[in-house]
Ligand code: C2E
Ligand code: MG
Ligand code: MG
Ligand code: MG
């Protein structure tokens, strides 16, 4: 009996694994087709300063699948990373975000807006990445100072020396770097000393907990103090309530991003908001 049950278990798991492999392969195929068919789009989430003025946006990818459903990146970016498809997808994101940045830079009211783009490890470590970024600036004739590349700790973790060198090369072009999901990794503090970041983004898990949990608030304050002493700009992510905004403001956090201000939205929706910077029509 035990043997039989064991056999069943083995059969169950292998059938399950088979299904997983097939799902993965189907997803890779769907992603490749989506890229070719132009089924990806970018949504933009505003970043606001202490007075609530929009100062920039983060570009976040969306995928409209064959059923018309908008698939969140958490469900397909990991697969794109595993399969290497993140390289062409990431290049599409960079190119599309730079095209948008160029449009903003062409208008006086939106000239100073920044554009943040998430970069995966596979993209960042490709030998041609600096060239790809540079070609993107040239194609769209943008001022590189408006572009912020968001990296997570895991992107730089593998090869610190190479990452530093690569970041320096890109910063020499004028690009800025932001450390995403700060506080969720391991040795974030020592990286801050070594890596040439311009900005850090406090992970939303701390922001979410800061009004009910004193230790989260203490961590946020410590991050703000360290950032100030290292002259790093700080963005708090995932700000959902006025209480969180007020606490962050009184703790001296300069920039915020979250549903309280706006979820990520298509560019036409973003630009139609009353708070979107625009040249006031002459009367
Ligand atoms: P992230 O870069 O940390 O982006 C922030 C995520 O938090 C976004 O999820 C955003 O929609 C969500 N968010 C913003 N404000 C709030 C809030 O107030 N409350 C809550 N609960 N969530 C909020 P999204 O768009 O689903 O993206 C998830 C992750 O997928 C991103 O995390 C990023 O790591 C990755 N990702 C998105 N777009 C790209 C891309 O173009 N390339 C790469 N490599 N990764 C991307
Ligand atoms: Mg990000
Ligand atoms: Mg983040
Ligand atoms: Mg992230």
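Bear in mind these aren't lab numbers, they're just calculated from the coordinates by the rules spelled out. These figures come from a predicted structure and were not determined experimentally.
Report, as a whole number in µm² per second, the diffusion coefficient that Stokes-Einstein gives for the stretch 136-283 at 10 °C and 1.306 mPa s using the Kirkwood radius over alpha carbon pairs.
Translational D for this selection: 94 µm²/s.
Result for the chain in a Gaussian network model with C-alpha springs under 10 Å: among 77, 61, 86, the largest mean-square fluctuation is at 77. Computed over the chain with a Gaussian network model linking Cα atoms closer than 10 Å, the most mobile of 96, 110, 23 is 23.
So how tilted is helix 2-37 from the main axis of the chain? Cα-based, degrees 0 to 90, rounded to 10. Helix 2-37 sits at roughly 40 degrees to that axis.
Over the stretch 27-142, what is the relative contact order in whole percent, taking alpha-carbon pairs under 8 Å and six or more residues apart? Could you put the intermediate results ahead of the total?
Working: 140 pairs, mean separation 28.8, N = 116.
Across the stretch 27-142, relative contact order equals 25 percent.
For the chain, averaging the sequence separation of C-alpha pairs within contact (under 8 Å, six or more residues apart) and dividing by the residue count gives a relative contact order of 17 percent. Find the centroid of the Cα atoms in the stretch 81-129 and in the stretch 144-202, then give the distance between the two in whole Å. Each part reduced to its Cα centre gives a spacing of 15 Å. Measuring how big the chain is from its alpha-carbon positions, Rg and Dmax come out at 21.0, 87 Å.
Seen from all sides and averaged, what is the projected area of the convex hull of the Cα atoms in the stretch 135-219, in nm²? Please list the in-between numbers first.
On the way: hull surface 26.1 nm².
That works out to 6.5 nm², a quarter of the Cα hull's surface.
Taking the Kirkwood radius as Rh and the Cα radius of gyration as Rg, the stretch 134-174 has a ratio of Rg/Rh equal to 1.04.
Note on the stretch 196-283: Kirkwood hydrodynamic radius from all Cα pairs is 14.3 Å, rounded to one decimal.
List the pair-distance distribution P(r) of the stretch 77-161, using every Cα-Cα distance, as the percent of pairs falling in each 5 Å bin from 0 up to the bin containing the longest distance, rounded to whole percents. So the P(r) values, bin by bin, are 3, 14, 24, 23, 16, 11, 6, 2, 0.
Highest mobility in the GNM of the chain, judged by mean-square fluctuation with C-alpha springs under 10 Å and restricted to 66, 172, 121, is found for 66. Averaging the sequence gap over all C-alpha pairs within less than 8 Å and six or more residues apart, then dividing by the number of residues, gives the stretch 49-97 a relative contact order of 22 percent.
Kirkwood-based Rg over Rh for the stretch 61-210 (C-alpha set), two decimals?
Numbers: Rg = 15.9 Å, Rh = 16.4 Å.
Using Cα coordinates only, the ratio equals 0.97.
Indicate the gyration tensor shape class of the stretch 150-194 (rounded, prolate or oblate), computed on the Cα atoms with a ≥ b ≥ c the square roots of the eigenvalues: a/c under 1.5 is rounded; otherwise a/b larger than b/c is prolate and the rest oblate. The shape class here is prolate.
Taking every Cα-Cα distance in the stretch 39-96 and sorting them into 5 Å bins from zero, the calculated P(r) comes out as 4, 17, 22, 23, 14, 10, 7, 3, 1 percent.
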